[in-house]
Amino acid sequence: MKKYLLFLCFLLNNYLLYSQVIADIQLENVIVNNDTTFYAEIINNSQHEILLLNAYLIDSAKVFHFSGIGNKTINSGEKLLLPIVFSPKDNINYYAFLNCEIVTNNSQYSLLSKIVGKATHPLDIYRTTDNLRGRQLLSELKKFVEPHTSLGYKNAREFMWGSLDNLNGYVECIYTGRKVQTNGIPDVNTTNFNTEHTWPQAYGADNDPPKSDLYHIRPSYEVANSKRANYPFGFVSSNVSYQDGGSRLGLNENGILVFEPRSSVKGDIARGMFYFALRYNNPYGYINNQLKDLRKFALLDPVDSSEYVRNIRISEVQNNRNPFIDNNYFIFRINNFENPDFIPFSTPIVSNQNIYLLNQNNSEAYLFLANYGDDTLSIINYSFNQWNNGKSYRFKLDKELGSIVIYPHQIDKVKVLLEAEEPVDDSFEADLNIFFSNSTLIPVTFKVRNNFTSIYEDNHLIRTFQNANSLILECENSCFNELYVYTIEGKAFDFSRFISNINIVEIPKSNLPCSNCVLFLYGKTSSGHFFRKSLIE
C-alpha cells in the first residue's frame, strides 16, 4: 500500500494565522480498485496552540475516504496526521479539496488544499484510455472492437450453444433463466429455444458481421424472444403484459412500451448494447432513448466473473474485446454515441461562509475560492456591504474580486484585513455576496470577536439531547449568543434565529439539513465558544 504526505503549515504571529500549502498532493499511477493511503500533515509552527475545529473532504466522486476530525488541539511545534484513503473506481484523474477550519487565539477561518489522484487501468492494453473522455475516449475504444473476425451466423451459434454458454450440457435463457439440454444449436420446434439479438436485427443486425457478433447474441426461450421483439430496454412501472423469470414487458414511467430484463443480467445486456453501438456506429440511433436506463442497468448489475470469462472467450475467437466489460465505467465518460463530448461545467467552492477576525487594527484572515469543475470560472460581480453605522472601521480585501479567474480544479485566495483606527463595535460585520460566471451566488460573512478564548471552556457545560421532533441544546449557567450547524460535507447553516431562551435552544428536526446523519454544532455563549458533534436520529 502506497503512502504519501500532504503538508499544511500554519505559521502564526501575534495577530494573524498565516497559511501555506507546501505542496498540493498528487497521487500517480494508482491501480483502479486498489486502496492507497496518504496523510495530510498539519504542522503548528506558531508560539500558540491552535485548534483544528473541523476537517473534511469535498469529494463528489466519493473515492477519497476520510472519517472526519474535529476539536483537536495542536500544540506549538507539534503536528497532526490526517489519514486519507484513495479508492479509485475508474482510470481517470480524481480531484478533491481538503477543508481545515482552524481556531486560534486571534482568528478563525478555513483553508482549502487540492488533492489529485491519478488512477490507471489494471490492464496494460487500456492504459491509453487513462483520463480520456468524450470523443477522445470513443475514438480510442474503437481500436479494441474493430476490426474483428466474423465467425458467420451458423458457426457463431454453434460456438455459443455448444461451448460458450453451455454448462455441463445445459444452456440458460438470458431473459427467463429457463434451461435447455443441448450440445449444439437447438431445434426451436422441439425445444422452444432460439437465438436472441439484443440489438434487434431490424435495427442494423440483420447481416454479418453484426448478425453473428457474439457480444450481443444470446440464447433465449422463444416466447421471451418474441415478447421482447424490437422494444427498447427500460424499467417497467405499469401495465405489465408479460413476465417470466424476472423479465417483463410493460410501460415505463413515460408510457412507452419497454422490455425489462431480470436483475441478474441487466448489466450484461447493457454492456452488450454499448459494445454494439460503439462497434457499428449506433445504427438507426437505436440506443439513444435507452441510454439512461442502460447506464442504470450497468450500475445495478456490475461485471461478474462469468461475464468476464465470456468476454475473454469471445475475444479468443473474434479477436476483439468488449471494453465496457473490461471497465464498467467507460460508458459514464461518454455523453452519448451521437455527441460524445460533455458540456464543460464549473462549480465554485468557498472555504468558509463565516470568517472571524480579532477586534484589533490590521488583524487578517483569508478566504479561499476554488473551482470544482472542468470549465473556467470567474467572478462577474460582487457586493460588499459593511454594517459599521457610519464609523471609519471596515474590512478590506487585498484584491479586486472582479479580476479573479479560477481555472479548472484550481484555488485562489483573498486576504481580508480589518482596518480600525477607532474602537470597533462588537456587532460589526460585513456581507460579501459573490456572483460567479456559472450563475451561482455565494454569500460570505465577516465578523469581529474581542478574543478567541479556548473553544473547550464551555464544552463540558453544553448538553445535547433529542426527541422525535427536535434537537435540543442546553447550557448550564450561561446563555447562547450564536449557533451554527455544519454538515459533514462542510455546508454551513446559521441557526442563531432559534435562540429564544437564555440557556436552551430547540431546533425542529424538519429544519435541519439532513436526518440519520452526523452534524457539527458550533456556537458562542456568554462564557466562550463550544463545539459538539451530534448524530441526528
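3J(HN,Hα) couplings calculated from phi for segment 69-79 with the Karplus curve 6.51 cos²θ - 1.76 cosθ + 1.60 (θ = phi - 60°) are, in sequence order, 7, x, 6, 10, 7, 10, 6, 4, x, 9, 9 Hz; Gly and Pro show x. Count Lys and Arg as plus one, Asp and Glu as minus one, and take only other residues whose Cβ is under 14 Å from that of Ala298; the net charge is then 0.
Within the chain, all pairs of alpha-carbon atoms sorted by distance into 20 Å bins from zero give the percentages 18, 39, 27, 14, 1. Annotation: amide H of Ser526 within the under-5 Å range of Cys479, Asn481, sequence separation 5 or more or interchain, hydrogens built in the peptide plane. Which of rounded, prolate, oblate describes segment 248-368, given a ≥ b ≥ c as roots of the alpha-carbon gyration tensor eigenvalues and a/c under 1.5 marking rounded, otherwise prolate only if a/b is larger than b/c? Verdict is prolate for segment 248-368.
Remark: C-alpha extents of segment 68-194 on the principal axes read 86, 33, 21 Å, sorted largest to smallest.
Bridgeable lysines around Lys211 (alpha carbons under 16 Å apart, same-chain partners fewer than 8 residues away excluded): Lys154.
Exceedance of the 26 Å cut-off in Cα-Cα distance is limited, within the set Lys415/Lys447; Lys62/Lys491; Lys89/Lys292; Lys62/Lys524; Lys114/Lys142; Lys142/Lys296, to Lys62/Lys524; Lys114/Lys142. With neighbours defined as other Cβ atoms within 10 Å of a residue's Cβ, the residues Ile404, Ile355 order from fewest to most as Ile404, Ile355. For the peptides 511-524, 47-60, 105-118, the ranking by packing is 105-118, 47-60, 511-524, with the highest mean count of neighbouring Cβ atoms within 10 Å listed first. Think of the chain as a dipole: +1 on every Lys or Arg Cβ, -1 on every Asp or Glu Cβ, centred on the Cα centre; then among Phe498, Gly285, Val424, Gly285 lies furthest on the positive end.
Computed about its Cα centre, the charge dipole of segment 134-333 is approximately 380 debye, with only Lys, Arg, Asp and Glu carrying charge at their Cβ. Distant-in-sequence amide contacts of Ser346, defined by a placed amide H-H separation under 5 Å and a gap of 5 or more residues or a different chain, comprise Asp375.
Backbone phi angles across segment 91-103, fed through the Karplus curve with coefficients 6.51, -1.76 and 1.60 (θ = phi - 60°), yield HN-Hα couplings of 8, 9, 8, 9, 10, 8, 10, 9, 10, 10, 9, 10, 10 Hz in residue order; Gly and Pro are listed as x. Backbone amide hydrogens, once placed in the peptide plane, bring Thr176 within less than 5 Å of Tyr221, excluding anything fewer than 5 places away on its chain.
Among the trypsin sites (Lys or Arg not before Pro) in segment 350-421, those placed in a DSSP loop whose Cβ has at most 16 other Cβ atoms within 10 Å are Lys391, Lys399. Along segment 309-318 the Karplus relation, 6.51 cos²θ - 1.76 cosθ + 1.60 evaluated at θ = phi - 60°, assigns HN-Hα couplings of 5, 4, 4, 5, 5, 5, 4, 6, 9, 9 Hz to successive residues, with x for each Gly and Pro.
Bear in mind that the values in this text are calculations on the coordinates, not laboratory data. All values reported here derive from a predicted model rather than from experimental measurement. Using ideal geometry, Cβ is built from the backbone for each residue, glycine included, and neighbour counts are taken over all protein chains shown.
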